[in-house]
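The values are calculated or read from the model by the stated rules, or taken from the named source; none is laboratory data. None of these values were measured; they are calculated from a predicted model. With ideal geometry, Cβ positions are generated from the backbone for all residues, glycine too; neighbour counts draw on all protein chains shown. Each accessible area value is taken on the protein alone, full model and side chains, heavy atoms only, with ligands, DNA and RNA left out. Shrake-Rupley method; radii C 1.70, N 1.55, O 1.52, S 1.80 Å.
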Amino acid sequence: AWATMAREGFYACGYLCAAPWLRDRLDQREVDDTKAASSSASFNGFVAAASAGAAAGVLTQPVDTVKTLMQSNLGDGGVSGRRSGLGYVETAMDLVRRDGASALWRGVAPRAMRIASATFVFATVNELVGAQLAGASWVDGEAAANPS
């Protein structure tokens, strides 16, 4: 359970913290030209979210690899041919002993691309919903104070 929490924690930090932070840094680098800044805002958001998502995917790949291996070993001896019933650390050590440390990052490219695209979607939706809520009168209590 803690492996999943660690993986999801890094992922949430990617789209809730790192992507907006990186986008702000990219936006600050823009010239003062309003037209240029507005045309590159979407691109900056894409680059920021994709970068944060890819980094989260790479950083959490070893945790996810071991977790997936443990899940595949449930039942009658497991599907991977490895010993079942091992804890997280034992499974990681067994994987490294059998296949080398690089096995922890097996499949990192497709996973990083998937997480990068998902982070872009989540970060974009988070930003759009936040902007809508910021402009909503019911958020700050105006609707309750001034009913139409």
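Filtered by the rule that a residue be open to solvent by 70 Å² or more (accessible area, probe 1.4 Å) and either polar (S, T, N, Q) or not in a helix (DSSP H, G or I) (or both), the range 98-128 gives Ser102, Arg106, Asn126. Under the condition of being closer than 15 Å to Val63 by Cα and among the aromatic types (Phe, Trp, Tyr), the residues counted in the range 87-126 number 2. Looking at this structure, is Ala54 open to solvent by less than 70 Å² (accessible area, probe 1.4 Å), out of contact with any Pro (no Cβ under 7 Å at 6 or more places or on another chain), at pLDDT 85 or above and outside the structural domain of Thr91 (by the TED database)? For Ala54, the condition - open to solvent by less than 70 Å² (accessible area, probe 1.4 Å), out of contact with any Pro (no Cβ under 7 Å at 6 or more places or on another chain), at pLDDT 85 or above and outside the structural domain of Thr91 (by the TED database) - is met. Scanning the range 39-49 for residues that are under 17 Å from the mean Cα position of the chain (by Cα) and open to solvent by 20 Å² or more (accessible area, probe 1.4 Å), we see that the one that is nearest to Ser117 (Cα to Cα) is Phe46.
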